[in-house]
Amino acid sequence: MTSRTATAPRSVDAPEHRFGMSLSADEFKSLFRGHPGGVAVITADAGDGPVALTATSVSSVSAEPPLLIFSVSALSSASDILLRAETVVVHLLDAHDLDVARLGATSGVDRFAETHRWTRLVTGEPVYNDVRAWVRCAVIGRMDAGGSTVIAAHALQSQLVRDVDDENGDALVYHNRTWHRLGAHSRIG
């Protein structure tokens, strides 16, 4: 299976020449610190051993066909493998999975040292045990975007261990550099 690569069209002029000055990195980060994101851990193995990273960039794109996207920073230690992998597993986490989220977000650690925490699917991808949900995906496209790569993936297989609890809620979100649990106490409408 070969993944298709999408490349963004490149303009001869940088965007600021056409639209005015762009935001600084600090201004942009300040904006998004106030925009909470759901937390996921993405795993893959392109033949060199498993990798994992925590991401808040996972988003559904289409239900028919079932597509999602996420981005990977070039600075991530997992980026090389994720950019070569034909398949990935996206773990959609809740507050009970905070330890897995922290593990994927910690630099310089072996995210697979605790062998009781994960296994491999019959297709070979690493998957963490007992997380709220995971989805195995085929990578169908990659697009360079600044210092990151946006990866588009087609959902192939999933497992839902804990469904959403309408009464209490347990969604795990990242907001203003901190982990948060959404629940009935945070409902406003």
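Rule-based calculations on the coordinates, nothing more; no lab input. Computed from a predicted structure; not experimentally measured. FYI the Cβ positions are ideal-geometry reconstructions off the backbone, even for glycines, and counts take in every protein chain you see.
For the reader, a short list of remarks on this structure follows.
- Computed about the Cα centre, the dipole magnitude for the chain is approximately 280 debye when only Lys and Arg (+1) and Asp and Glu (-1) carry charge, each at its Cβ.
- Which labelled figure in (1) 18; (2) 23; (3) 48 is percent of Cα pairs over 30 Å apart, once derived from the coordinates: (2)
- Arranged from fewest to most other beta-carbon atoms within 10 Å of their beta carbon, Ser186, Ser148 become Ser186, Ser148.
- When the helices of the chain are scored as -39500 (n - 2.57) per DSSP H run of n ≥ 4 and the total is divided over every residue, the value at 222 nm lands at -3500 deg cm²/dmol.
- The gain in end-to-end length when the Met143 to Asp110 segment is fully stretched comes to 9.1 nm, 0.36 nm per residue minus the alpha carbon separation.
- Each peptide in 106-114, 35-43, 87-95 gets a packing score, the mean of other Cβ atoms within 10 Å over its residues, and the list from highest to lowest is 87-95, 35-43, 106-114.
- Packing-based ranking, highest mean first, of 48-57, 155-164 given that Cβ atoms within 10 Å are counted: 48-57, 155-164
- Cα lying deepest toward the dipole's positive end in the range 83-189, options Ser148, Ala101, Gly189, charges on Cβ: Ser148
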